[in-house]
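Below is one structure; the comments refer to it alone.
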Amino acid sequence: MELRKIRTLKGLTQQQVADGIQCSATVYARYERGECEPSIETLLWLSSFFEVTVDCLLGNNGNMP
């Protein structure tokens, strides 16, 4: 996941994202650091908040072998 990259490109703080997806800033920071994996529900919230696909959040750039 490239959460930090997406967040910084959009000019957002971790707190703004956490507020937008209704979680604590601590939990969101753990997602960015890869210390824990977001649930499917959280991935959907992130996808909607960032206006990107879940595939994008998961690092799938569409290049199939």
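Quick notes on this one:
- Pairs where the first residue, in the range 10-29, is closer than 14 Å to residue 44 by Cα and the second is among the aliphatic types (A, V, I, L, M) and not in a helix (DSSP H, G or I), C-beta under 9 Å, 6+ apart: 20/12
- Of the helices (runs of 4 or more DSSP H) lying entirely inside the range 14-65, those containing at least 1 residues that are polar (S, T, N, Q), at pLDDT 95 or above and over 13 Å from residue 2 (Cα atoms) are 14-21, 25-33, 40-50.
- Test: residue in the range 8-28 that is of a type in the set (S, T, N, Q) and at positive phi: yes
The values are calculated or read from the model by the stated rules, or taken from the named source; none is laboratory data. Since the model is a prediction, treat every value here as computed from it, not as a measurement. Here Cβ is always computed from backbone atoms with ideal geometry, including for glycine, and neighbour counts include all displayed protein chains.
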